């Protein structure tokens, strides 16, 4: 006869066998596609083309002015099963997932653009801190113990 604790431990062990749920990242670009574009000197990114069911002309115009160009289905045939090709409208013939379309840009320009906006953000934070400390009064001292931390979304987890 087994004791009550033995049966409970056995059932607990069996219920912890790789039955964990992990949400799939539907915006993940296959590694072979990313690698092929990087070898060609291009960076990839998803750009919003729809906002509340209507074409987002403002966002697309800004991104195209930055230098992003849409990726065509001929450039990424391996993504055709997991992505849709937009058939009608202004952005017909681009690779889409939901309201986002895949775009490319020369890698040097993408890195330069990212550094520009990081520096701009850092300068803005520095200006706010200087203004805060400039209004410091000895009767009511202000101390700034804030710390900045940058996060870029969830880290992908892969099964071995």
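FYI, it's all coordinate maths here, none of it is from the lab. A quick note: this is a predicted structure, and the numbers were derived from the prediction, not measured. For neighbour counting, all protein chains shown are included, and Cβ atoms are generated from backbone atoms with ideal geometry for every residue, glycine included.
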ask   = Along each of its three principal axes, how wide is the spread of alpha-carbon positions in region 31-106, in whole angstrom units, largest first?
value = 34, 28, 16
note = Ranked on Cβ counts within 10 Å of their own Cβ, fewest leading, 62, 107 go 62, 107
remark   = Final fewest-first order of 100, 132 on the 10 Å Cβ neighbour count is 132, 100
